[in-house]
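The block underneath contains the structure these notes are about, expressed in structure tokens.
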Amino acid sequence: MILFVLATAGMVAAFMHSLLIPIQSELPDLLHASREDSAWVITITLLVSAICVPISGRLGDMYGKRTVILVLLGLLTAGSLVCALSDSLLPMIIGRGLQGVGMGVIPLGIALLHDVMPENRVNVAVSLVSATLGVGAALGLPVGAIITAIGDWHILFWVSAGLCITVLVLCLLVLPTEGIRSGGRFDYVGALGLAVCLTALLLVLSNGNQWGWAAWQTLVLSGCGLLVFVMWGWYQLRRREPLIDVRVSLRRPVLMTNLASIAMGFALFASHITFPQLLSLPESAGGLGASLLVASVTLMPSGLAMLAMSPISGRLMDRVGPKSLLILGAATIAATYIVALLVPTTIVSIAVINAVLGAGIGLGYAAMPTLVMRSVPDSETAAGNGLNTLMRALGTTAASAVIAAVLAQSAHTSHTGYPTGGGFQVALLLGCIGGMVSIALAIFIPSQKRFPSPVAAQEPQRSLSEKEITHV
């Protein structure tokens, strides 16, 4: 029940990220706002989730993972209700920001499973909850398309509010209060610094194509973000109780895993940007001319494959280890992109390719949390997973910017005004490169056992005396 509830909570949280994509082009008319302003309805969710995921991980380590999960789900529910009652831009942005907070449920759920599950079931459980990051986002697109095709767009948020309330009640009833807590004081200055540098970075990645990569806004935000990041890192190194333990994060297993996560996140989202456009492009321009609903259903196998691979990934991890599983997942992604470059493009081929990509992502996403948790102290598992989730999100955001720029440039040079076949080929090639980079980085992850806890490091093990055994 604990596993079922945490997996459902993770899926609902990730579901919010792609919920509005089917009606993204209609938002300016629905909210009576400009196209630039209405884009914030999508951007704010990504921005808030990126900032809150590492912060909520640290809070979970300090005050209890169950407590923080309940708070995040409460905010997620509130955000869904605000959006359901909104007809203008500002309340919609506020509601979508509150929905972005919910993404922290996934790393907290993984860390809680690590604390309370039997050792022989941890890998399968972690694989399932980790996969919900991709499953929820993949399922949000077709579900959103179906709901908006049969009713008012507000129903999207009434449905999400109902899901959130259901999951909140289940978590309240089922999740245990047990779990490792580190205690200590929260690093407010560190949280503020992290929020500033992440905001600058994500704004550059999200708006770089629109502003221009050499525009003053891009350069100023990039410079400010880099300066704040350097100062933040220096401050974290001097703190006794930092928001993120930089020394642990720079240990080779954690660093290589996080870098591989960025590359795999890039490879994942390259297909999410490329295939929807290819499906919806008119046949006269070289596309498949599919409706939004058909395109959404065609892309659904990706999420279903991630979900189906979760128990298999856990068992594979028991046999070959998380490092080999990550390499296998990245290799599957790279090979699938190569096939996509060679085979004719049809609705069936895209559905099959998406399913295999989803399986590769499921393998890789299952391995990442275990690699991180084996390399950080038990008191920092939620913070470590939060940072890893952030790295995946940075990869997907970077893919969104890069692939969009490639396709936009292709459309600019085309006489039809649509991206060309060559542009789509370059986009798929970049996804393949993302998978190959993930393989290369994963190879350099050293194989090691659990990170020694502070107590174990300071106190040597000793045998119990006969008196102590009798007492027990």
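The values are calculated or read from the model by the stated rules, or taken from the named source; none is laboratory data. Since the model is a prediction, treat every value here as computed from it, not as a measurement. When we count neighbours, we look across all protein chains shown, and the Cβ atoms used for this are built from the backbone with ideal geometry, even at glycine. Calculation scope for accessible area: heavy atoms of the full protein, side chains included, ligands and nucleic acids excluded. Shrake-Rupley method; radii C 1.70, N 1.55, O 1.52, S 1.80 Å.
In segment 184-196, the residues that are closer than 13 Å to Tyr63 by Cα reach residues that are open to solvent by less than 70 Å² (accessible area, probe 1.4 Å) and among the β-branched types (Val, Ile, Thr) with C-beta atoms within less than 9 angstrom, at least six apart or across chains, in these pairs: Phe186/Ile55. The residues of segment 91-119 that are without any contact (Cβ under 8 Å) to a residue 12 or more places away in the chain and out of contact with any Leu (no Cβ under 9 Å at 6 or more places or on another chain), listed by number, are Pro118, Glu119.
All of (1) closer than 25 Å to Ser302 by Cβ; (2) surrounded by fewer than 24 Cβ atoms within 10 Å (Cβ to Cβ) hold for Arg121 with one exception: (1).
Filtering segment 403-426 to residues that are of a type in the set (A, V, I, L, M, F, W, C) and free of Cβ contacts under 8 Å to residues at least 40 places away in the same chain leaves Val406, Ala411, Val426. For Met1, the conditions (1) farther than 28 Å from Ala308 by Cα; (2) surrounded by fewer than 18 Cβ atoms within 10 Å (Cβ to Cβ); (3) touching a helix residue (DSSP H, G or I) at 6+ places or on another chain (Cβ under 7 Å); (4) of a type outside the set (Gly, Ala, Ser) are fulfilled apart from (1).
Any residue at all in segment 178-185 that is surrounded by fewer than 21 Cβ atoms within 10 Å (Cβ to Cβ) and assigned to a helix (DSSP H, G or I)? Scanning segment 178-185 turns up no residue that is surrounded by fewer than 21 Cβ atoms within 10 Å (Cβ to Cβ) and assigned to a helix (DSSP H, G or I).
Look at Val135 and say whether it is among the β-branched types (Val, Ile, Thr), surrounded by 18 or more Cβ atoms within 10 Å (Cβ to Cβ), at pLDDT 80 or above and assigned to a helix (DSSP H, G or I). Against the criterion (among the β-branched types (Val, Ile, Thr), surrounded by 18 or more Cβ atoms within 10 Å (Cβ to Cβ), at pLDDT 80 or above and assigned to a helix (DSSP H, G or I)), Val135 does not qualify. Residue pairs whose Cβ atoms lie under 7 Å apart, separated by 6 or more positions or on different chains, with the first residue in segment 293-312 and part of a helix (DSSP H, G or I) and the second open to solvent by 50 Å² or more (accessible area, probe 1.4 Å) and at pLDDT below 85, are Leu293/Ile146; Leu293/Ala149; Ala295/Ser280. Within segment 379-410, being hydrophobic (A, V, I, L, M, F, W, C) and open to solvent by 20 Å² or more (accessible area, probe 1.4 Å) holds for Leu387, Met391, Ala393, Leu394, Ala398, Val402, Ala404, Ala405, Val406, Ala408.
Only one entry of Leu226, Leu173, Leu192 meets the criterion of being surrounded by fewer than 17 Cβ atoms within 10 Å (Cβ to Cβ), part of a helix (DSSP H, G or I) and over 25 Å from the mean Cα position of the chain (by Cα), and that entry is Leu173. Highlighted here are the helices (runs of 4 or more DSSP H) found entirely within segment 31-120 that include at least 2 residues which are at pLDDT below 85: 35-38, 40-63, 105-116. Please find, within segment 245-287, the residue that is nearest to Met391 (Cα to Cα) out of those that are of a type in the set (Gly, Ala, Ser) and either more than 22 Å from the chain's Cα centre (by Cα) or open to solvent by 50 Å² or more (accessible area, probe 1.4 Å) (or both). Looking at the filtered set, the residue picked out is Ser280. In summary, Asn258 fulfils each of the numbered conditions (1) part of a helix (DSSP H, G or I); (2) more than 13 Å from Ala383 (Cβ to Cβ); (3) of a type outside the set (Phe, Trp, Tyr) with the single exception of condition (2). Within segment 289-314, being open to solvent by 50 Å² or more (accessible area, probe 1.4 Å) and modelled with pLDDT of 85 or more holds for one residue alone: Ile312. Consider segment 330-351. How many of its residues are under 23 Å from the mean Cα position of the chain (by Cα) and open to solvent by 30 Å² or more (accessible area, probe 1.4 Å)? Going through segment 330-351 one residue at a time, the tally reaches 3. Would you confirm whether or not segment 229-244 contains a residue that is touching a helix residue (DSSP H, G or I) at 6+ places or on another chain (Cβ under 6 Å), assigned to a loop (DSSP other than H, G, I, E, B) and surrounded by fewer than 24 Cβ atoms within 10 Å (Cβ to Cβ)? Within segment 229-244, one or more residues are touching a helix residue (DSSP H, G or I) at 6+ places or on another chain (Cβ under 6 Å), assigned to a loop (DSSP other than H, G, I, E, B) and surrounded by fewer than 24 Cβ atoms within 10 Å (Cβ to Cβ).
For segment 65-77, the set of residues classified as open to solvent by 40 Å² or more (accessible area, probe 1.4 Å) and either under 19 Å from Trp158 (Cβ atoms) or among the small types (Gly, Ala, Ser) (or both) consists of Leu75 only. Do we have any residue at all in segment 347-361 that's among the hydroxyl-bearing types (Ser, Thr, Tyr) and under 25 Å from Gly421 (Cβ atoms)? Yes, the conditions are met somewhere in segment 347-361. Pairs are defined by a Cβ separation below 6 Å, a sequence spacing of at least 6 or placement on different chains, a first member in segment 253-275 that is at positive phi and at pLDDT below 90, and a second member that is not in a helix (DSSP H, G or I) and not acidic (Asp, Glu); no pair meets this definition. Of everything in segment 204-223 that is among the polar types (S, T, N, Q) and open to solvent by less than 80 Å² (accessible area, probe 1.4 Å), the residue that is nearest to Leu390 (Cα to Cα) is Ser206.
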